[in-house]
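Everything below concerns the one structure shown next.
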Amino acid sequence: MRKSIAAIAVSFTLAGCAGAAAENAGSAASPSPSSDAKAVVVAAFTPLNSGTSRYSVTYEELAATVRVQRDHAADTTLSTLSITVTDDDRALVIESYRVGGNLFTRFDASQLPPGSVPEEQRVGTWVRFDPKRTAAITEGIDALAVTPDRVAAAVTGAQRQTVSRITGTVDLTAIVPDRYDSPAARNATFRAELNGDGSIGYFTVDVTEGGKTTTPLEFRGLGQATRGFPPVPGDGQYRDASPGLYTLALPID
């Protein structure tokens, strides 16, 4: 199986959203279709834009899961992306650390066959990208971020099933532009689970097409209190990125 993964990897690891705490079960309530239910879902994503938090997002189509820890005040983000890149479920793991205006990335390609990736990307040491050139790398990263504005544009109908659970219909193409483009994706269904404070704990999107249902997007909160960040790589603990890494053209067989 062949995947071009570098652009996907950087997009995931730099996407600027933050998560919420673990989901809670809610008290039973009568389903109530209304614009209020949609407003509650949109508001639940608002904490993604501030504070400190951890979350994960799984994209089924990409066979990829990213776990993100972010401190908005310090403009620090640590991300770990795992992408299954072979038919026998071998994964490439990419850790990205944005701190102090720098972007550091390290790769763990130990699961992949020798020669399938450049040696620079197999060795698990930090690689530093030139801050003056990262704008080119991060082009399009917002396309993978789950933001309140995108959720507001995407949700086309909502019903409150319980105090903490809301279901409805959603246009997936509005959440992940340029990634999905089919009538089924534009008429997908969602389930949202809210925390006790009203923030989002779980959000999943299902698409049914040709009699088959898939879950292309699944968001889970992992807690608002972040764990400690690793030390910032110092001199001798990283190497500068080679020109090839800036092209974001890394095919994996």
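Assorted remarks:
- Among the numbered conditions (1) closer than 30 Å to Gln159 by Cα; (2) surrounded by fewer than 18 Cβ atoms within 10 Å (Cβ to Cβ), the only one that His72 does not meet is (1).
- Residue pairs whose Cβ atoms lie under 9 Å apart, separated by 6 or more positions or on different chains, with the first residue in the range 227-253 and modelled with pLDDT under 80 and the second of a type in the set (D, E, K, R) and loosely packed, with under 12 Cβ neighbours inside 10 Å, are Pro251/Arg2; Ile252/Arg2; Asp253/Arg2.
- For the range 32-81, filtering for residues that are touching a helix residue (DSSP H, G or I) at 6+ places or on another chain (Cβ under 8 Å), over 15 Å from Ser96 (Cβ atoms) and of a type in the set (A, V, I, L, M) leaves 5.
- The residues on offer are Val41, Val85, Val117, and the sole one that is crowded, with 22+ Cβ neighbours inside 10 Å, more than 17 Å from the chain's Cα centre (by Cα) and modelled with pLDDT under 80 is Val85.
- Only one of the numbered conditions (1) more than 28 Å from Tyr246 (Cβ to Cβ); (2) modelled with pLDDT of 55 or more is violated by Arg67, and that is (1).
The values are calculated or read from the model by the stated rules, or taken from the named source; none is laboratory data. In this text, all values refer to a predicted model and were calculated from it rather than measured experimentally. Neighbour counts run over all protein chains shown; Cβ positions are idealised from the backbone, glycine included.
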